[in-house]
1. For the structure I just gave you, tell me whether A:Ala11 is over 30 Å from A:Gln160 (Cβ atoms) and either among the small types (Gly, Ala, Ser) or free of Cβ contacts under 8 Å to residues at least 12 places away in the same chain (or both).
2. Among the numbered criteria (1) within 14 Å of the ligand (Cβ to nearest atom); (2) buried (at least 23 other Cβ atoms within 10 Å of the Cβ), which one does A:Ala134 miss?
3. Evaluate the following for A:Phe93: is it in a strand (DSSP E or B), in contact with a Leu (Cβ under 8 Å, 6 or more places away or on another chain) and not acidic (Asp, Glu)?
4. Which condition from (1) among the aliphatic types (A, V, I, L, M); (2) modelled with pLDDT of 95 or more; (3) part of a helix (DSSP H, G or I) is the one that B:Ala313 breaks?
5. Test of understanding: among A:Ser126, A:Ser132, A:Ser103, which residue is facing chain B (nearest Cβ under 7 Å) and under 24 Å from A:Asn32 (Cα atoms)?
6. Among the residues of the range A:81-100, are any under 18 Å from the mean Cα position of the chain (by Cα) and facing another protein chain (nearest Cβ under 9 Å)?
7. Quick one: count up the residues across the range A:177-212 that are under 19 Å from A:Glu166 (Cα atoms) and free of Cβ contacts under 8 Å to residues at least 24 places away in the same chain.
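The values are calculated or read from the model by the stated rules, or taken from the named source; none is laboratory data. This structure is a prediction, so every number in the text was calculated from the model and none was measured. In this analysis, Cβ positions are derived from the backbone assuming ideal geometry, glycine residues included, and neighbour counts consider all displayed protein chains.
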Amino acid sequence: MPDMTAMVDAAEVARLEEVARRIRVGVVRGVNQAKAGHLGGPLSAADVLAALYFHVMRIRPDEPDWPDRDRFVLSKGHSSIGLYAALALRGYFPVEELLTFDSLGSRLQGHPDMTRLPGLDMSTGSLGMGISAALGIALGCRLAGRDARAFVMLGDGECQEGEVWEAAFLAPRYGLDNLIVIVDHNKLQQYGWPGEGPDDRLPPAWPGELVAKWSAFGWRVLEVDGHDMAAVVRVLEQAAAGDGRPVAIIANTIKGRGVSFMEGRYYWHTRTLTAEEFATAMAELGEPVTNPAGGAA
Amino acid sequence: MTLLMGRAMRDVFGQTVTELAGLDPRIVMLDADTASSTKADIFAKAYPDRFLEMGLAEQNMLGVAAGLATTGFVPFVSTFVAFAVVRPLDQIRVLIAQTGLNVKICGGYAGLFTGAAGKTHLIVDDLSIMRAMPGMVTVAPGDDVEAEQVLRWAASYKGPVYVRLVRDATQRLFDETYAFAPGRAVVVRDGGDVTLVSTGTQTPRVVDAADLLAARGIDAHVLHVPTLKPLDVPAIVAAADRTRMVVTVEEGTVIGGLGGAVSETLSEHRPTLVKRIGLQDVYGESASNSELLELYGLSAARVADQVQALLEARTIAGHAAHAIPLP
Ligand SMILES: Cc1ncc(C[n+]2csc(CCOP(=O)(O)OP(=O)(O)O)c2C)c(N)n1
C-alpha cells in the first residue's frame, strides 16, 4: 500500500490541527453558552471533522446543495456542535452563530436538522440511523452516476444499535465502496457498564472487537489514531481508493480530547461547565477567556 | 345491490408503480423480502436495476429510502404494514416525517385481510399512528380504481406519503370517471337519517350496509374519507349538519384513526353524537376475511344491524337523548 507512506505536507497538517483546535473551542463555547449539549463526543470527533471538511471532502460551502458534492452524515447526532463548528469555520455560516446553539429559533438545533441549516446532508439524533441514510446516499450517487462519496460518523456505543448491523450487512452486497464509515472509537458511551474504579466505565466494544466485526461483515477495515492528523488524512485518502467494498475506519480516540479534566471521563458526555471549568478548558485550548464571568467572550 | 369485486389492490400497486417508473426515471422500489406478496415483483421484473432489495432489515430500509431521496430519487418503500410502518416507526419519524423527504411508504396487507396471518401481521392502528405524525400525508384508498389514482398522485407530490394497501380483491366503489383529489372526502350516497363515515376498503361494505338500511326504511348518507391527513374538515362538518348522528366505520381500531379524527373534528366544530364502529381496543386473530369482518362487526349486514339498533335506541330514548348509553 504505497499511500500508507505518502507524506501529508507538514504545513497542511499544522493548518488542519489549527482547524481542529478551533472546532474544539467552538464546541466548548457553544455548549457553555447554551448550558446544554454534549462535550465528550464532539471533542473526540474534532480532528476527523477537520480533516474531512478542510482537506478530504469535495464540497462547495457557497453551494451547499451542489449535486456532485461528497456528503457527510453525523450518525452520532448528539455531537452536532462539533459539526456546526466545522461548517461555520468552513464558511457555511458565520462563526458567531455558534453561540445560538440550542436556543429558540436557532438553525443549530440540539441534533442536526437538515430542514433548518444548509450544509447538513441528513437529520440525525436517534442513534443507529445515520448509517442507513448514508447507505442510501451512496447508493443514490451510484445509481445517478455521480462520483460522490458518503462519509458517515458513528459512535462506538452507537454500534450497539441493531440497525447499524442491518446496514453493515447490506452495503457489501451492493459493493458500495463510496460509503465510508468512521467509528469514533472513544471507548466510552453515555453510561454503559461499571469498571474498576468508581468513575471507570467499561468500553462499549473490547479492543479489536470493532475491527473484527466490521471485517466479518465484509467491509474493508482501516484503523487509525484519530488524533494524529497526518494519519487521519492518510487513512481518509486511502479509503477513497475503492476496491468494491465499503470502508470502515476505526478511529481510536479519547472522549473529551483536548480538555484534560474531560478526557476519558464518562460523565463529561453531557454536562454544564462552571465558570472556572470553562476558563480552564478555554485556556487549555489556547483561547484564554478575558472575562471569565461573562463566559461568552 | 351488492357492489362488484375490483382488482386486488396489491396487483394495482405492482402494476401502477411499474408504469410510473416507465414515465419517471427517478422512481425506485425498495423491498424487504416480501415482493412476491406485495406484488412489487412486477416492478422487479420490469426494472431490475431500480428494484432495490433491502433484505429483511426494515429499519435500515426506511433510512436508505431517506438517503436516496436526498439524491433526487423517489423511493417507493414496500412491505407489509407491520414492517413498513410499525417496525421502523422511529426511522419514519426522524428521517422521513421530520425531514419532509420525498418517500412513499406503501404498506401492503393492511386491515383485516392478511391471509389469516393473525395478530402479528394484522395492524389495527396504522392510520392512528401515521395521521398523528406531523407532515405525513395518510391515504387509505377505497378500491382499486382509487388506489391507482392515489399512487399516481403520490408519485407527483413532493413529500412523505403513507398509502394503505389491501392484499385481496375488494369491492369496487368507483367507476372510471372518478377523480381522486388529495385531502378531499367524497359523498358516495346521499341520505338524511344518519351519516356513515368510512375510509379505505371498508367504504364499499358501508355502501352495501346503506342499501340494507334503505330496505328497512333508513336513509343513510355515506361519506368516504380516503385522506386521513390532511382531513377534509368541511366535508365532515357538512355531513354532520345533514343528519343528527354520525357513525364512523373502519377496518382498524376505533382509537385515533378515522373515528378519532371525526370525533376530534366534530367536537370542535359541530358537537354531534358519534358512534365508532371498528376494532374495540383489541388485536386481531387468524381467520378467513369474512369471518373476521363478522367478528369485528364490519360486514355490511353487521354494520347495518348496529346502525339500526343505534337509531332505534335513540328513538325509544327520545330526541332528548344526547349520548349513546354506556355499556
Ligand atoms: C436511539 C438512541 N438511544 C439513546 C440515545 C441517547 N444517547 C445520546 S448519546 C448516547 C451515547 C452514545 O455513545 P457513543 O455512540 O459512544 O457516542 P460518543 O461516546 O462518541 O458520544 C446516548 C445513549 C439516542 N440519542 N438515541
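1. Working: over 30 Å from A:Gln160 (Cβ atoms): yes; either among the small types (Gly, Ala, Ser) or free of Cβ contacts under 8 Å to residues at least 12 places away in the same chain (or both): yes.
Yes: the conditions hold for A:Ala11.
2. (1)
3. Numbers: in a strand (DSSP E or B): no; in contact with a Leu (Cβ under 8 Å, 6 or more places away or on another chain): yes; not acidic (Asp, Glu): yes.
The answer is no for A:Phe93.
4. (2)
5. Values: A:Ser132 fails: under 24 Å from A:Asn32 (Cα atoms); A:Ser103 fails: facing chain B (nearest Cβ under 7 Å).
Sole residue among the options that is facing chain B (nearest Cβ under 7 Å) and under 24 Å from A:Asn32 (Cα atoms): A:Ser126.
6. Within the range A:81-100, not a single residue is under 18 Å from the mean Cα position of the chain (by Cα) and facing another protein chain (nearest Cβ under 9 Å).
7. Selection size over the range A:177-212: 2.
Let's see how each residue does on (1) away from the ligand (no atom under 16 Å from the Cβ); (2) in contact with a Ser or Thr (Cβ under 7 Å, 6 or more places away or on another chain); (3) part of a loop (DSSP other than H, G, I, E, B); (4) within 14 Å of another protein chain (Cβ to nearest Cβ):
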residue: A:Gln190; (1), (2), (3), (4): no, no, yes, no
residue: A:Ala231; (1), (2), (3), (4): yes, no, no, no
residue: A:Ala251; (1), (2), (3), (4): no, no, no, no
residue: A:Met262; (1), (2), (3), (4): no, no, yes, no
